[in-house]
Structure formats: structure tokens, C-alpha cells
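Report on the structure given below.
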Amino acid sequence: MKRTFFAAVLLAAVLILGSCESTAPESSGKDLFAMDTVISLKAYGGNGEKAVNAAADRLNELEGIFSVTRADSDIARINSLGTAKVSYDTEKVITKALGVCESTRGALDITLYPVMLAWGFTTGSEHVPTDSELSEALGKTDFRRVTINGGTVSVPEGYKLDLGSCVKGYAGDELAAVMSANGVTSAIISLGGNVRALGAKPDGSDWKVGVADPFSPNELLGKVCVRDKSVVTSGGYQRYFIDENGVRRIHIIDPSTGFPAESGLASVTVIGNDGLLCDALSTALFVMGKDAAISYWRENGGFALLLVTDDGVIYATENAGFENTSPYGTETIYE
């Protein structure tokens, strides 16, 4: 079996183009590994070093809360006990995530962890599960059965939560808030395929965030120009394995089948003000496919969308501000 993950993560961590000018103020930065990905923090001017260190501390706190493998995390306690009193952060993320699960009609399902375990994506032992294994795992998934009451989260016996589709987006917003509270007005945060811009570049211009080519991840499709926004990309190129029959199995699972999504999309990029929403939608819209994703954008709005189909066509919403530098054609999506 072939697995690919770290190369794509390392690439995603450097997809910030022109992040500072030669006359930019002094910067403070920190690179670390958390939430199963490479994370880069960079702040400019002011109390940059203090802000970066405070953001790193907040990141470690969030990982301790949301990790599915740490026995004392909120998520691990819910999964092992079936019910647990949780932190404000956990209640907030689960509540918002369930809203996306509902609005996308289950294309996102935060109870999908048993299926991920069946495929071995979370354990490093990737394999195609048997029909009976998959059926059993699917029988323990349904986001509608998650309940929240007074800060206590409960799930049915055998159900397990995984907020991996949401927490990096939430973390990006939280780290930006910490930096802002420490007086930083210009910063960039990269969490694997998630980028969070705080303010504008030090010279007052927009940040230029590169979007990876899903067919050649060491190359770029182009760039989007943003300030005070999150840019989140999900794609089958980011993590996958090749099974014994030579079939590529991506880590994005379609909750309706329990199998890796086959939606006709190679990648989805969501750009918006709410990092958690961008993160969750990048996964859900990938599962939904091009037509349903575009319909969702038209019906809900509040974000920009960049879709790349398996046959190499880029679809960009009119508010995406996308500059194409690839050989692929671009179709503009209008309201």
C-alpha cells in the first residue's frame, strides 16, 4: 500500500505567496506539529513574539481538548463514556458542526469515526474493510443522534465523534484572536490545508494564498487574495492509499455509503470569514459534488468557492477573487 500525507501537508504549509515585502517590519514565527499536521505561525510588528507564543499555547490547549487519541480529551471522554461534560470550545464546535451536518443533509457527519477506523485511516493501518465490517461501522453513525444539554454531550452506545473536519478551521480563528488580543494586526497562520489571514500584509495589501493543483500538488492552480479570512482546501490528493488491487482510496468518506467519496471533484477550496465553517464545508461540498456544491453556495452564500473537477476544469464563484496560473480552464459561477 502507498500512503501520502506529510508531503502534501508540508506543501500546504508554504502556500503563502508574497507574504511580506523587503521593507516589512520585523516578524516573529514558530513552526510546530499539532492536530496531525504541520503548523506555521507568523506575526509582524508589535508584540509579535509574545503573540506567537500565546497562540502556540492556545493551540496546545485546543489539541488537548479535541484529540481523539488523548484519553483525557473531551472527545475521547465522550467516545469512551457515551456522555461527558465538555468545555465551552467543544460545545461551540459540536453545535456549529451539527448545523453544517444538517444544512448539507449529512454530507458532513461528525459521527463518522467508526467508519474511519474500519478503513484504518486514523490508525495508519489502511485497508479495505469487509462488507460486514463496514455495515457494522455505518450502523453506529448518525449525527442526528448527538445531543447537547447544558454543556453535556451524549451519543448512543458505540458511537464515536471525530471533529477533524472542523477543528483546524476553528483553531485558525482562535489563534488569530489570540494574536489580535496581543496587539498584532498582521499575521498569517497555516494549518496544513488551512490558511488563516489576520488583517492585511504589513504593507497594507492583500495576502496572496496559493491553491495547490490536485493533479500535481507541488504546483499551483493559482492564488486568491484575502485579508481577515480563512482559505481551506480539501482534496483526494491530500491523504490516500493504494489498495491491493491498485485502486486509490482517499480519506474523504461519503457518509451515505461508507466508501471514499467519488463525486467527480479533485479538490474544493472554501474562502470565508468563519474558519470552522470553511473547514466543514470544504469536506461536505467535496462529498456533494459540483452541481450540489454550487447550489449550496447559491442558496446559502456567505463564502466563496473554488472547485476543481476530475476532468481538470476549475469552477470559481464570482466572489472568489481567483487568479488562475494553471493550464486548466476556469468557469465563473454566478449567483
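No lab work stands behind these numbers, since they all come straight from the coordinates. Fair warning: this is a prediction, and the values are worked out from it, not measured in the lab. Cβ coordinates were reconstructed from backbone atoms using ideal geometry, including for glycine residues, and neighbour counts include every protein chain displayed.
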Test of understanding: what is the full-extension gain from Glu323 to Asp72, defined as 0.36 nm times their sequence separation minus their Cα-Cα distance?
85.9 nm
Reachable lysines from Lys96, Cα under 22 Å, same-chain residues fewer than 8 places away excluded?
Lys85, Lys140, Lys160, Lys168, Lys229
What is the gain in length, in nm to one decimal, between Thr257 and Ser132 on full extension, counting 0.36 nm per residue of separation less the C-alpha to C-alpha distance?
43.7 nm
Could you pull out the chymotrypsin sites (Phe, Trp or Tyr not before Pro) across segment 267-332 that fall in loop regions by DSSP (anything but H, G, I, E, B) with no more than 16 other Cβ atoms inside 10 Å?
Tyr328
Spin-label point model (7 Å from Cα, Cβ direction): what's the Asn53 to Thr332 distance in nm?
4.9 nm
With +1 on the Cβ of every Lys and Arg and -1 on the Cβ of every Asp and Glu, the dipole magnitude of segment 217-335 about its Cα centre, in debye rounded to the nearest 20, is 260 debye
Whole-Å distance linking the alpha carbon centroid of segment 166-211 with that of segment 266-335 is 20 Å
Suppose a student asked you for the relative contact order of segment 66-154, using Cα pairs under 8 Å spaced at least 6 residues apart; what percent would you report?
31 percent
Projecting the Cα atoms of Ala107, Asn149, Ala55 onto the charge dipole of the chain, where Lys and Arg contribute +1 and Asp and Glu -1 at Cβ, the residue farthest towards the positive end is Ala55
What's the extension gain from Ser154 to Ser103 if we count 0.36 nm per residue and subtract their Cα-Cα distance?
16.2 nm
Please report, ordered by residue number, every helix of the chain (full DSSP H runs) that is 20 Å or longer along its axis going by C-alpha atoms and whose mean Kyte-Doolittle hydropathy reaches 0.0.
167-181
So who's got an amide H within less than 5 Å of the one on Ile253, skipping anything under 5 residues away but keeping other chains? H placed 1.01 Å off N, in plane.
Ala261
Restricting to Cα pairs below 8 Å that are 6+ residues apart, what does the relative contact order work out to for the chain? Please round to a whole percent.
19 percent
